[in-house]
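Participant: To start, I am sharing the structure in question, which I have written as structure tokens.
The values are calculated or read from the model by the stated rules, or taken from the named source; none is laboratory data. If you're wondering where the values come from, they're calculated on a predicted model, not measured in any experiment. Positions of Cβ are backbone-derived with ideal geometry, glycine not excepted, and every protein chain shown enters the neighbour counts.
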Amino acid sequence: MRQAQKSEARSRKFTIFFVTITALLGFIVSGGNTSAELTAKANHDHIKVDFFYHGSTVSVSGIADPGTDLIIKIASPEGHETLRQKGKVGGLLWMNVGTLKLGQVPNLYSIHSTKKLEDILDQKEMDKYIIGYPAVSRHAETDPASNEGEQSQWVSEFLKYKEASNLYTASAGKIEIKEKGGKQHYYILTAWPYQAPPGDYLVTVYAVKDRKVIEKTEAKVLVEQVGIVKTFSGMAKNNGALYGIISIISALGAGFGVGMIFRKGGGAH
Amino acid sequence: MYLYLPVALTSIHIFIPVGLGLAVGLLSGLFGVGGGFLMTPLLIMLGIPSTVAAATDSNQIVAASTSGTYAHWKVGNVDFKMGFHLLIGGFVGGLLGVQGIKILSAMGNADFVIKMTYVLMLGIVGMYMFIESLNSMKKKKGEENVQGKESGLSKLLKFLPVQTRYEKSGVTHSMLLPLVFGGFVGILAAIMGVGGGFLMVPVMVYVLRMPMHVVVGTSLFQILFNCIEVTFLQAYTNHNVDFILAVLLLLGSTIGAQVGAVFGRKLKGEQLKIILAVIVLVVTVKIIFELTLSPSLLLSQVGGH
């Protein structure tokens, strides 16, 4: 986390765009609460991955009704991932023993709440909106599909792997709340990991009361490669032969170039 | 200063790959190994996806071995004829090895075979080189003496057909010898997913009886061509070469290779061999630890070993 905070200052320098999206009034889940109001804005919602990119920060802020708890979820669209499984061979040696396919899992998942999730929300609601690691775990599909115990063990290994890659984060009590004019003003600053690939990410803010989601609203974050990063990445994917030849010629040139410099310097003889 | 790597999709401090390149380039210039068996695992540890690490490493070895070959060629330490013969053998062996991996993968025990081959090869080569160089150093006799000694095996090899003189190395062998042993290293290298420098060097020293300094230059020449081929195939078929990372690595490795070549000439053949043997043995021990200690994560990215 500390490293990510450091990177925040750096990445700010290289980010020119500071666009604000405001998504007003989601839908009201419980019919009785007619005056409910929830807003969310994600600053820095267009992250540009340039040559000097080292992650960024995204802050989410808005207004909520008093007396509600808040949950902020930042996630990429659900997809599938294939990973290598390590296991013991002959009871002694750790090796790759197979591949694990996971379905219905987001590549990035960041969940923040005003209090511990289990203290403010029912499990049914968590599962419905996929809020919290246990909900992600229950929602995920694994292949090879094995018994439930083994499945939950591998999904928890998946969560550990994702946390180690900085792509999954969870916190409770880090959302700042200030009461102003009879409303709650909330704010959270989150580190955006450089490991998150380009794409669209969805920020969802849930207002929670009586262990139920009473309202939600959304904002988007777009991560996009620009400049030299985009050029190289596109070329590597779409024009592999030319890219390979350029890479080889550059390496040959560099090798000869340095050889010549050393020769001129007289160091070699 | 951090730079973003467009293919590895990760950010890295500029000094890390440059420093790493310098260290591995130094070894390359000293011992005639590509250093893939050291560099690739280190890159993976830094968070580079394993497939990108291996492919990009081949790209930077092109630069390091060009630099190293050039430095050794200037002082007449590259046997081009021997290099070509080993290269042809290695190329055919590589094709066979890739097929072998396909069969093993289909059988489902590829990883076991790869890891075991790796540990055994590194262990045997490291131990043999270590003991042999230690004995030679004790006798305090130079490379000439090694050449002068004729073992039963080398007498037997004299009866093989197509004998030819390798002038730079000062040896006469059947052309079949470098072709077959080059092929053997090619098969193993393809199975292990490495360049095979650490196997080729002992083959040249102990089987082909070449003097150590010519071995280093010739090995680098051979590695250069192998890595050009691998880089192209990786870029063309797998799109795994990260150009920016390769440039950062080669900034260090090209200079390191030159320094290594200069420094290597100040050391005796036996000293070079024993240092390489120690490095190979340290890597072997590291792999054995990796295999036996419980890993912190049981899942990893697909690709690489």
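Participant: When residue B:260 is evaluated against the numbered criteria (1) of a type outside the set (A, V, I, L, M, F, W, C); (2) without any contact (Cβ under 8 Å) to a residue 60 or more places away in the chain; (3) in a helix (DSSP H, G or I), which criterion, by number, is the only one it fails?
Facilitator: (2)
Participant: Return the only residue of B:264, B:260, B:269 being under 23 Å from residue B:56 (Cβ atoms), more than 8 Å from chain A (Cβ to nearest Cβ) and surrounded by 15 or more Cβ atoms within 10 Å (Cβ to Cβ).
Facilitator: Exactly one residue qualifies, and that residue is B:260.
Participant: Now for a different question. Select the helices (runs of 4 or more DSSP H) contained entirely in the stretch A:130-248, then report the ones holding at least 2 residues which are within 14 Å of chain B (Cβ to nearest Cβ).
Facilitator: A:148-164, A:227-238
Participant: What are the residues in the stretch A:111-128 that are closer than 29 Å to residue A:84 by Cα and surrounded by fewer than 19 Cβ atoms within 10 Å (Cβ to Cβ), if any?
Facilitator: Selection gives A:127 alone.
Participant: Given the criterion surrounded by 24 or more Cβ atoms within 10 Å (Cβ to Cβ), at pLDDT below 90 and among the hydrophobic types (A, V, I, L, M, F, W, C), identify the matching residue among B:54, B:63.
Facilitator: B:54
Participant: Something else about it: Please verify whether residue B:16 is out of contact with any His (no Cβ under 9 Å at 6 or more places or on another chain) and either buried (at least 24 other Cβ atoms within 10 Å of the Cβ) or part of a loop (DSSP other than H, G, I, E, B) (or both), treating the condition exactly as stated.
Facilitator: no
Participant: A further question on this structure: Report yes if some residue within the stretch B:220-235 is over 20 Å from the mean Cα position of the chain (by Cα) and either outside any helix (DSSP H, G or I) or at the interface with chain A (Cβ under 10 Å from one of its Cβ atoms) (or both); otherwise report no.
Facilitator: So far as the stretch B:220-235 goes, yes, one or more of its residues are over 20 Å from the mean Cα position of the chain (by Cα) and either outside any helix (DSSP H, G or I) or at the interface with chain A (Cβ under 10 Å from one of its Cβ atoms) (or both).
Participant: Still on this structure, I have one more. Answer yes if at least one residue in the stretch A:89-98 is touching a His at 6+ places or on another chain (Cβ under 8 Å) and β-branched (Val, Ile, Thr), and no otherwise.
Facilitator: No, the stretch A:89-98 contains no residue that is touching a His at 6+ places or on another chain (Cβ under 8 Å) and β-branched (Val, Ile, Thr).
Participant: Please work out which residue is farthest from residue A:231 (Cα to Cα), limiting yourself to the stretch B:239-256 and to residues that are surrounded by 22 or more Cβ atoms within 10 Å (Cβ to Cβ) and more than 7 Å from chain A (Cβ to nearest Cβ).
Facilitator: Only one residue fits best here, namely B:256.
Participant: Name the residues in the stretch A:140-151 that are surrounded by fewer than 16 Cβ atoms within 10 Å (Cβ to Cβ) and under 16 Å from residue A:104 (Cα atoms), would you?
Facilitator: Correct list: A:141, A:143, A:144, A:145.
Participant: Against the definition (more than 14 Å from chain B (Cβ to nearest Cβ), of a type outside the set (Ser, Thr, Tyr), under 22 Å from residue B:300 (Cβ atoms) and out of contact with any Lys or Arg (no Cβ under 9 Å at 6 or more places or on another chain)), how does residue A:103 come out, yes or no?
Facilitator: yes
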